[in-house]
Amino acid sequence: MLTDYHVHLRTDDLDASAAEHFTAANVERYRAVAGERGIAELGVSEHVYRFTQALEVWRHPFWERYAHDDLDEYCAFVREQTDLRLGIEADFVAGAEDRMANLLERDFDYVIGSVHFLRDGAVDMDDYSVWDSGRSVEDVWRRYFQTIAESARCGLFDVIAHPDLVKYWSPADLARSERRPEGDLRRYYEPAVEAIAEAGIAVEVSTAGLRKPTGELYPARAFLEMCVEAAVPVALSSDAHRPEDIGADYERALELLDAVGVRELCVFEGRKRRLEPIGATNAGALPAASSEAEAQ
Ligand SMILES: [Zn+2]
Ligand SMILES: [Zn+2]
């Protein structure tokens, strides 16, 4: 069974409104692409900072700019007008765990935890960029994976999203790799994988990195191998922000999962997890992106 749980019903544009995107017709567009690509389990996970309730958790200027919608209206829309699993992508905010826990006390099927900020500095945006903070690349990477470890241990999340997002700007093949440390990166991964394993939660394999400057899947193969070694279960997602990206590049992800010996994927319902075999779908047989979907 294939899944896509880390999905947004709109782009990250500030003016991509809930009114325009939380509609049955928009969901139908996502469903159609999921159907074409053999994805049976589809869920949505809007960014927590899109909701006014998030400002009770954190008042970063970026969140203040984006927090316009009502979280309960989003939940009601997904529950009452769609057959999608109800999720949310919640940032880990160190020191605000109790307030985030309050916000997350709603009937989600799953909560995806993500780290986009190291304190006030963003890992994957030009605005508020942590890369302008004067810290060394090694320090940013070390702190990033330590923060992933903290996020895993905080007990709020079912899945840790794009677990090596810190590589966002840096393709592995040199040229622009000044934001990626040299050599074997496993020394950075270690505390993160250990914490995820101890917490008993899942790790996300996401194809979103292929659409970003890094041009790689999240996480790197070595990170995923360490997760497999530690018996951490895998949740597969595209992090789509538009219908045509549902299940995008899954053949690449399935190839990697097969290569490292992952045979099952997480399925979530009511914050409970079970494992389902990936099944007969092999990378070669996965339906390719249809030209119709591309054209939408
Ligand atoms: Zn994210
Ligand atoms: Zn996302």
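The values are calculated or read from the model by the stated rules, or taken from the named source; none is laboratory data. These numbers come from a predicted model, not from an experiment. We place every Cβ from the backbone using ideal geometry, glycine too, and count neighbours over all the protein chains shown. With ligands, DNA and RNA removed, areas are computed over all heavy atoms of the protein, side chains included. Shrake-Rupley method; radii C 1.70, N 1.55, O 1.52, S 1.80 Å.
Out of all the residues in the range 136-151, is one or more surrounded by fewer than 18 Cβ atoms within 10 Å (Cβ to Cβ) and outside any helix (DSSP H, G or I)?
Yes, the range 136-151 has at least one match.
Would you pick out the residues in the range 13-52 that are open to solvent by 40 Å² or more (accessible area, probe 1.4 Å), under 20 Å from GLU276 (Cβ atoms) and of a type in the set (A, V, I, L, M, F, W, C)?
ALA40
Please enumerate the residues belonging to the range 1-12 that are open to solvent by less than 10 Å² (accessible area, probe 1.4 Å) and β-branched (Val, Ile, Thr).
Residues satisfying the conditions are THR3, VAL7.
The rows are residues; the columns are (1) at pLDDT below 95; (2) within 15 Å of ligand 2 (Cβ to nearest atom); (3) open to solvent by 20 Å² or more (accessible area, probe 1.4 Å).
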residue	(1), (2), (3)
PHE157	no, yes, no
GLU178	yes, no, yes
ARG187	no, no, yes
ALA208	no, yes, no
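Inspect the range 10-26 for any residue being part of a helix (DSSP H, G or I) and touching a Ser or Thr at 6+ places or on another chain (Cβ under 9 Å) and give the result as yes or no.
For the range 10-26, residues part of a helix (DSSP H, G or I) and touching a Ser or Thr at 6+ places or on another chain (Cβ under 9 Å): present.
Every residue in the range 158-214 that is of a type in the set (Ser, Thr, Tyr) and assigned to a helix (DSSP H, G or I), please.
SER177, TYR188, TYR189
Can you confirm whether THR82 is within 27 Å of PHE117 (Cα to Cα) and β-branched (Val, Ile, Thr)?
Judged against the criteria, THR82 is not a match.
What do you reckon, is PHE51 within 16 Å of ligand 2 (Cβ to nearest atom) and under 26 Å from PHE145 (Cβ atoms)?
For PHE51, the condition - within 16 Å of ligand 2 (Cβ to nearest atom) and under 26 Å from PHE145 (Cβ atoms) - is not met.
List pairs: first residue in the range 60-75 and among the polar types (S, T, N, Q), second residue outside any helix (DSSP H, G or I) anywhere in the structure, Cβ distance under 6 angstrom, at least six positions apart or on different chains.
none
Report, by residue number, each residue of the range 1-54 that is away from ligand 1 (no atom under 14 Å from the Cβ), of a type in the set (Phe, Trp, Tyr) and closer than 26 Å to ARG99 by Cβ.
PHE22, PHE51
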